[in-house]
Amino acid sequence: MKKNDVITLEITALTSEGSGVGRYDGMAVFVPKTAVGDVIEARIVKVLKSYAYGKIERIITPSPDRIENNCPVFGKCGGCVYRHITYEAELSAKEQIVRDAFERIGGLSPEFLPICGAEYIERYRNKLQMPVAKTDVGDIVSGFFSERSHRVIAVEDCKLQPEIFSEIVDYIKRECKKLKISVYNEQSHEGVLRHIYLRRGYYSGEICAVLIARRKVPEFKKLATDLTREFPEIKGVVLNINPHKTNVILGEHEELLSGNAEINDLMCGVSIELSPKSFYQVNTPQAERLYKQAAEFAEPRGKTILDLYCGIGTIGLSMAREAAKLIGAEIVPEAVENARKNAAANNFDNAEFICADAAVIAEKLAAEALSPDVILLDPPRKGCDERALLSCVKMAPERIVMISCNPATAARDCRLFSENGYEVKNVCAFDLFPRTRHVECVVLMSRSEK
C-alpha cells in the first residue's frame, strides 16, 4: 500500500480521536468522518510502518448509524468529530473508549456502569474562546483553529454555543472595525485583538465578556461600554493582556473595563461565583449529573473530604451539606478566592480552601498525618502528579473518587492506586461534550481489606 492508492475498506471501529478504522492486508487504516458499518473507497494519504491514514473517496454502502451533518464547517474546524452519526452511536463509541482505556491501559476489571448521555446535544456550552483573524480583503473573522494548525476557520454560528454568543461575537467584530481596533497576526506578531472569550451562567444567564489583546488601546473602553448597553446580560467586560508569542490564550494581567469581572450561577443547588480564569465545567446540567454520581460514590455523610484540584470548589461544595469537613486545594489563586467566597455565600463553615499545587498539599497533609475519609480528584487532562497519588495512598482514605476528562490518564493513575492497596470498583462514563471526541468518567476506588 502506498500514498494515493484507492482501496475498498469496511469500517469496524472508532478511535478515541473520532476516526473510523478498518483493516486492509492486515494493516489498520484510519479514516475521519466515517461510521462503523461504512463500506468505502478510501484514498491513502499517508503510510507508516504498521498503519496508514486515508480519506473518503466514495461511500459504497453507508452505515445505518449515518445521519445528515448540519454544520457547514464540520471536519474543517478542530471541534466536532461525531456530527455525521446518531447520538446513540456516539455514546456507544465513547462508552467503549472508556472501557478500552481501563482494560487495556490500566489492566483493570472494574464494573462499568452505563454511560450517562446528555439531555441536550446542541447549544450546551457555557463558555466560548474564539480566535479572531483578518481576511485578505480586510474583514474581521472569528472561529476556531483548523485541527493541528493555527489557521482560523470562520464560524458564523457554532451549534454547540448558545445563540447569544454568536450575536455578541458579531457585535464585537463590527465595533472593532468601526473603532479601528486591529486584529492580531501570529506571523508578524502585530495587531491588537487576539481572542474573544465569553462565559455564561447556565441558570442566572449572566455573561462575562473577556477581550484578549496583545496590548491595551483606548478604544476598548468605548467597546466595553457599548457592549454592556447592547447586551444587558453582560455583567462585566474584562481586558486580558497577552503580549507573548504563545499558544496560551490568557495572559497574566487583567483590567476591568466595565461592570464586574465575576458572574454568579448555581451548581447542584449551591450558589457560586466565577472569575474569568477559574475552571468551570462547560456543560452545567451534565456536570450536575456527574457530581451527583461522584457523591453517590463518595457517601459523604459525616465524613472528612479532601478535594484536590478543586477549582472553584464546585465538586466538594456539592457534598459539603452532608460532610463533616471539606478541605480543598487548588493552584490558581483566583479560583481559590472564588471557592472561599462560594463557601461563605452558602454558609458552609465546615469548608476551607488552600492555594497550593495538588502534589505539594497532598504531601504536606500526609506528613501532618491527616486522615481524610474520602479524597476527591479532578485533575487536568495530563492526569495526576505521581507524588500526589502516592501521598493520597499514604493518607489511607476509605474511598477515592476520581473525575477525569481523559480516560487514558485516568486508567494509568487508577492502575497506580490498584498497585498500592486500592480496588478500582466502578467506572461510569459521562458525555459532557456531545459531538466532540471528549468523554469524562467518574471512578470509585476503595481501600482493599487485604
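Placing R0 at 35 angstrom, the Cβ-Cβ distance between Phe231 and Arg151 gives a FRET efficiency of 0.75 after rounding to 0.05.
The slack between Arg387 and Ile67, meaning 0.36 nm per residue of separation minus the straight C-alpha distance, is 110.6 nm. Ordered by the count of other Cβ atoms within 10 Å of each Cβ, fewest first, Thr8, Thr304, Thr246 give Thr246, Thr8, Thr304. Residues Glu190, Glu255, arranged from fewest to most other Cβ atoms within 10 angstrom of their Cβ, appear as Glu190, Glu255. In this structure, Arg174 and Arg58 have a Cβ-Cβ separation that, at R0 = 35 Å, corresponds to a calculated FRET efficiency of about 0.25. A dipole drawn for the chain from +1 and -1 charges on Cβ atoms has a positive end, and of His84, Leu256, Ile241 the residue lying farthest that way is Ile241. In this rough spin-label picture, where each label sits 7 Å from Cα along the Cβ direction, the Val6-Ser50 distance is 3.1 nm. DSSP beta bridges fully contained in region 127-266 are about 75 percent antiparallel.
Checking every one of the trypsin sites (Lys or Arg not before Pro) in region 220-289 against DSSP loop status and a limit of 14 other Cβ atoms within 10 Å picks out Lys245. Specify which labelled value, from (i) 22.4, 73; (ii) 23.5, 71; (iii) 24.1, 77, agrees with Rg and Dmax of the Cα atoms in Å derived from the coordinates of the model shown. Derived directly from the coordinates: (ii).
The ranking of Val155, Val98 by Cβ neighbour count inside 10 Å, starting from the fewest, reads Val155, Val98. Extension gain for Ser188 to Arg415 (0.36 nm times residue separation, less C-alpha to C-alpha distance): 77.1 nm.
Largest GNM mean-square fluctuation among Leu193, Leu48, Leu326, using the chain with Cα springs under 10 Å: Leu48. In this structure, Glu449 and Met27 have a Cβ-Cβ separation that, at R0 = 30 Å, corresponds to a calculated FRET efficiency of about 0.05.
Per residue, the chain reaches -7500 deg cm²/dmol at 222 nm when only DSSP H runs of four or more residues are counted, each adding -39500 (n - 2.57).
Taking θ as phi - 60° and the Karplus parameters 6.51, -1.76 and 1.60, the scalar couplings of region 171-181 work out to 4, 4, 5, 4, 5, 4, 5, 5, 7, 6, 7 Hz in sequence order, x denoting glycine and proline.
Under the convention that each Lys and Arg Cβ holds +1 and each Asp and Glu Cβ holds -1, the size of the dipole of region 326-412 around its Cα centre is about 280 debye. Taken about its Cα centre, region 229-311 carries a charge dipole of roughly 200 debye when the Cβ of each Lys and Arg holds +1 and the Cβ of each Asp and Glu holds -1. If you take the Cα centroid of region 370-399 and the Cα centroid of region 79-147, the two points sit 27 Å apart.
How many Lys pairs in region 1-66 lie less than 13 angstrom apart by Cα atoms, where the lysines are 8 or more positions apart or on different chains? Lysine pairs meeting both conditions in region 1-66 amount to 7. Annotation: extensible slack from Ser204 through Arg123 equals 27.6 nm (criterion: 0.36 nm per residue apart, minus Cα-Cα distance). Computed log10 I(q)/I(0) for region 109-161 at 0.12, 0.20, 0.22, 0.29 Å⁻¹: -0.46, -0.81, -0.89, -1.16, from the Debye equation with unit scatterers placed on every C-alpha and solvent omitted.
Counting only DSSP beta bridges whose two residues both lie in the chain, roughly 65 percent are antiparallel. Of Ala224, Ala358, Phe348, whose Cα points farthest to the positive end of the dipole of the chain (charges on the beta-carbon: +1 Lys, Arg; -1 Asp, Glu; origin at the Cα centre)? After comparing all options, I get Ala224.
For Ala13, nonlocal amide neighbours, meaning residues 5 or more places apart or on other chains whose placed amide H falls under 5 Å from its own, are Val21. Here the chain is assigned +1 on the Cβ of each Lys and Arg and -1 on the Cβ of each Asp and Glu. Its dipole about the Cα centre then comes out at about 1260 debye.
Rule-based calculations on the coordinates, nothing more; no lab input. All figures in this text were calculated on a predicted structure; none of them were measured in a lab. All Cβ positions, even for glycine, are placed from backbone atoms using ideal geometry, and neighbour counts span all protein chains on display.
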